[in-house]
1. Where in segment 203-243 does the label zone of Lys26 land, with the point 7 angstrom along Cα→C-beta and an amide N cut-off under 20 Å?
2. In nanometres, what is the gap between the two model label sites at Asp392 and Glu426, each 7 Å from Cα along Cα-to-Cβ?
3. Ranked highest first by the average count of other Cβ atoms within 10 Å around their residues, in what order do 135-142, 109-116 fall?
4. Ranked by Cβ crowding within 10 angstrom, fewest neighbours first, how are Val419, Val305 ordered?
5. Please list the radius of gyration and Dmax for segment 30-280, considering alpha-carbon atoms only, with Å as the unit.
6. Of the listed values [x] 150; [y] 162; [z] 182, grab the one calculated as volume of the Cα convex hull per residue in Å³ from the structure here.
7. Compare the peptides 356-368, 380-392 by average per-residue count of other Cβ atoms within 10 angstrom and give them in order, highest first.
8. Under the 0.36 nm per residue contour assumption, what length would be gained going from the current alpha-carbon distance of Asp104 and His57 to full extension?
Amino acid sequence: MPDVAAPQIERAATLEDAIYLLNPQKPLEGPTLAYYVDRGSLARRDIQILLRSNDLHRGEPVRILFSGHTGCGKSTELNKLCEELAGSFFVVKVSTSKIVQPTDLTYVDVVLIAAMELFRAATAQEVVSKAPAQRLSEIWDDLADFIRQRVFGHVPYRAPAESPEVTATVSALVFEFETKYKSEASSRDAIRSQMESRLSEIIQRMNDLALLVRQSTQRPVLFVFDDTDKPDPERGRALFFDHPTTLTSFQTSAIYTFNIALWYSREFKTFRDYFGGRYLLPNIKLFHRDERPAAEGRRLLNEIVERRIQSDLITPDALTQMIVASGGLVRSLISLGQFAAVNALGRGAQCIETQDVERAIVELRNDFIASLRKDEYSMLAEIRRSKELAADEVVQDLLQTVALLQYENGGVWCDVHPVVVDLLRERGLLA
């Protein structure tokens, strides 16, 4: 394995540590960004340039779409981007899925949850201490009344205790909103209904507060929506294609994650101009279009694993096997590694071997078998031969399930996930 610069936090020295660090459910953020491996993402670089050139230096907000396969590493890239921009922008990260399930997400939810995150973030001392006292009081008093009367309206809620700090009152109201919105479907539906025709009112308050934040901190507000790509294509269409003016109406910059299946839909061509920037995070390439191994992509995935665990915890053959089976998806790689570490520890071994990875691959294979329809296998075999993408609903579904993976190499092309290739061979659809 290549030498890797020592990270700022220690790598796993035991399989038990490896199981903890190889957690596919946790993107790198905060202290764990010490494990970050730079994949040379032009998307992250270009987004920074666009934001700094327009919003930071000229006060013109930019709305950006950021897409890529599920599990390709978008969340970690965004977390790294937020870290790099934190000194220049007032970054407000919005996780809608912590409040509303992706299968139930609406454009009203996006606006409300973003507003509440901004209200909470703006109670930071650096904002409050530097804002003009009279202006500050006016805004926070208005926000408190707005949440009570407009957002909750006739919905019963627990009123916070009176506090001399009006920002504390708003924080308590935001907490109450999130609790009810997350846990009570009836309250969520009632709030949605009464706010749908009043979104312009809450957006105006967001804009007023964003201006105050900029004046107080000398940093423009940047919303980063990390999970707006998670709804299925049908709900994603309703969210983005039916309400683009609402999603771009904040007088702040915003980054939305965007479903890759919709990126290759016919509707995207007419919708995309609502956004000033559109960036796709390419999947890490393990093979060239002509099916030759891609050394750089394999080296990168090798480094991602070795940055987290010591090299004596996995044999070289097992690591190679794991990398190829991942299809170049970082989350799949990490998931395979965790499963293989559990297998190795379960049989009393001290390192991951090929037999441990093979068992992990069986689980991934079973996931694909469960998700693929019979008629999709022949479509995948055709695409495996042509390597061409098309604005086809079946292709979009296959991108959604990551049975089909998009790559770049001078141009955009696609290939079938390596585990699915084996399934196609077993069915006699490929030589």
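We did not get these values from a lab; they are worked out from the coordinates using the rules stated. All values derive from a computational prediction rather than experimental measurement. Backbone-built Cβ (ideal geometry, glycine too); neighbour counts: all protein chains shown.
1. Answer for segment 203-243: 226-227.
2. Reported label-point gap for Asp392 and Glu426 is 2.4 nm.
3. Numbers: 135-142: 16.2, 109-116: 22.8.
Order by mean packing, descending: 109-116, 135-142.
4. Numbers: Val419 22, Val305 26.
Taking fewest neighbouring Cβ atoms as first place, the list is Val419, Val305.
5. Both quantities, over Cα of segment 30-280: 18.0, 54 Å.
6. Here the calculated entry is [y].
7. Values: 356-368: 18.0, 380-392: 15.0.
Output ranking for 356-368, 380-392: 356-368, 380-392.
8. On the way: separation 47, 0.36 × 47 = 16.92 nm, distance 3.78 nm.
Computed gain between Asp104 and His57 is 13.1 nm.
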